[in-house]
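The values are calculated or read from the model by the stated rules, or taken from the named source; none is laboratory data. Note that the structure is predicted; figures quoted are calculated from it, not measured. With ideal geometry, Cβ positions are generated from the backbone for all residues, glycine too; neighbour counts draw on all protein chains shown. These accessible areas exclude ligands, DNA and RNA; they are computed on the full protein's heavy atoms, side chains included. Shrake-Rupley method; radii C 1.70, N 1.55, O 1.52, S 1.80 Å.
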Amino acid sequence: MTQIRLYQPKYAKALWYLFFSTVRMINIKDYSLAQVTAWAPESFDMTVWENKMASIQPFVAELDGVIVGYADLQPDGLIDHFFCHHAYQGRGVGRALMNYIFSLADERKIPRLYSHVSITAKPFFERFGFSVESKQAVELRGQVLTNYQMERSLRKTLF
């Protein structure tokens, strides 16, 4: 069973590897080698990554003691990072992370979730009720990548 834990700085390197390998091994089906290399470069300043993780305070998914995914939820409803380990996709890790996001959003009374979603992750987000608000072209380290601004309202309708 997937367990969700709060981020600790000691997880930073494991989350970098998870991010790097997932972009390189999974997102390559929808993006060129040049694009995934720009997105997840071979050499990256670990201090920058550690600072990013400290700022977004992700939560971490573990399965049998292995970190298999991570995601975050910002106060305004932004899901800035959402990644499942390339070797654990299709095992319910993403579902566990998304359900955790939904419960946190409900607890925090966040009315709307939104994210900048890759081509690869778009079908996953759609399965959880997100819809495309706009298609975007994002420049990153000299490459232009397509992604989607997606959102989902969490307001409960009263009858």
Residue that is most open to solvent (accessible area, probe 1.4 Å) [pool: residues in region 103-121 that are under 12 Å from the mean Cα position of the chain (by Cα) and among the aliphatic types (A, V, I, L, M)]: 121
Criterion violated by residue 100 - all others in (1) closer than 28 Å to residue 6 by Cα; (2) of a type in the set (Ser, Thr, Tyr); (3) open to solvent by less than 60 Å² (accessible area, probe 1.4 Å) satisfied: (3)
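Yes/no per residue for (1) over 27 Å from residue 96 (Cβ atoms); (2) in contact (Cβ under 8 Å) with a residue 60 or more places away in the chain; (3) surrounded by 12 or more Cβ atoms within 10 Å (Cβ to Cβ):
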{"position": "22", "(1), (2), (3)": "no, yes, yes"}
{"position": "31", "(1), (2), (3)": "no, yes, yes"}
{"position": "38", "(1), (2), (3)": "yes, yes, yes"}
{"position": "50", "(1), (2), (3)": "no, no, yes"}
Those residues of region 55-75 which are in a loop (DSSP other than H, G, I, E, B) and either closer than 20 Å to residue 147 by Cα or open to solvent by less than 30 Å² (accessible area, probe 1.4 Å) (or both), in sequence order: 58, 72, 73, 74
Only one of 89, 143 that is within 22 Å of residue 52 (Cα to Cα), open to solvent by 30 Å² or more (accessible area, probe 1.4 Å) and among the polar types (S, T, N, Q): 143
Hits in region 101-159 - residues which are touching a helix residue (DSSP H, G or I) at 6+ places or on another chain (Cβ under 7 Å), farther than 14 Å from residue 36 by Cα and part of a loop (DSSP other than H, G, I, E, B): 128, 154
